[in-house]
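**Student:** So that we are looking at the same thing, I have put the structure below in structure tokens.
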Amino acid sequence: MQAIIITGGQGSRLGIHTNKSSIRVYNDSLLEHHVNNLKPFVNRFIIVDGYYPVNTEKLDGDYIVISNTQGVVQALAAALEQIDSQCVMMFGDEFYVNPRIQNLITEHKNSNSIATIGYCRRYKNSYLIHDTYSIDMNLQHQVRKVCEKPTTVYNSLQGTGFAVLNKQFAKYCCTDNFPSAINLAIEDNQTVKAFDYCKDYVNVNTPQDLERLRNLEDKSK
């Protein structure tokens, strides 16, 4: 299996002028951390950068870098052209505590879904769901709808940027964001599954997110 890591964020809200995947965690960059975590499960990496080039100096293994500044979904579409059939997809500015990578991959392979998206349960901090997207699913974990940055939260499921996708998902990468692409697939009668992926999670966009990253880093050592 291959992995797509999208690292094109500008980092303007953080006040940095470099690729956000260069943020340090466990003495590595976020990108190095993700590649090391995924290595046991994938054999090739497709890394997408954008406004700032990605630093691959310390990466090893089989990888290519492609550049795209047209937005997240357009970057994903370009990367999906490079895969054979299925891939792991994630964003380079995210951090996961206790990720269940193999379990999610296995769940997708055993299903008939075009996508399996990872979520984090927010029993106490449901307000964090406003920062990413919410998930409405049935008892079989089939997704009915997702909502980017919802104003009202109805459950404890926070969508993450980690997923396993089939190559055919590129058909729905004609919108503004990843949640909207998921909804387009569902509206086209495609099956999308959700999976309980990690114990905690942060998408690093603001100084407050960076502070949460440091707290999670300390707790998970």
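Each value in this text was obtained by applying a stated rule to the coordinates, not by laboratory testing. Just so it is clear, the structure is predicted and the values come from calculations on it, not from any experiment. Cβ sites come from the backbone with ideal geometry, for glycine too, and all protein chains shown count toward neighbours.
**Student:** Please report the base-10 log of the normalised intensity I(q)/I(0) for the stretch 94-221, using a Debye sum with one equal scatterer per alpha carbon and no solvent, at each q in 0.12, 0.21 (1/Å).
**Tutor:** Here log10 of I(q) over I(0) equals -0.44, -1.28.
**Student:** What residues have an amide H closer than 5 Å to that of F162, excluding those fewer than 5 places away on the same chain, when H is modeled at 1.01 Å from N in the peptide plane?
**Tutor:** Hits under the 5 Å cutoff: G118.
**Student:** Shifting gears a bit: Excluding I66 itself, calculate the net charge of residues whose Cβ lies under 11 Å from the Cβ of I66, where each Lys or Arg counts +1 and each Asp or Glu counts -1.
**Tutor:** -2
**Student:** Quote the relative contact order of the stretch 160-221 in percent (integer), defining contacts as alpha-carbon pairs under 8 Å separated by 6+ residues.
**Tutor:** Worked out over the stretch 160-221, it gives 17 percent.
**Student:** My understanding is that a pair violates if its Cα-Cα distance is over 22 Å; which of K20/K145; K39/K145; K39/K193; K145/K193 do that in this structure?
**Tutor:** Over 22 Å apart, Cα to Cα: K20/K145; K39/K145; K39/K193.
**Student:** How many percent of DSSP beta bridges within the chain run antiparallel, rounded to 5?
**Tutor:** Looking only at bridges with both residues in the chain, the antiparallel portion is about 55 percent.
**Student:** Hey, got the dipole for the chain? About the Cα centre, +1 on K and R Cβ, -1 on D and E Cβ, debye to the nearest 20?
**Tutor:** Here the size comes out at about 520 debye.
**Student:** When only alpha-carbon atoms count, how far does the stretch 1-152 stretch along each of its three principal axes, as whole angstroms with the largest first?
**Tutor:** 45, 36, 31
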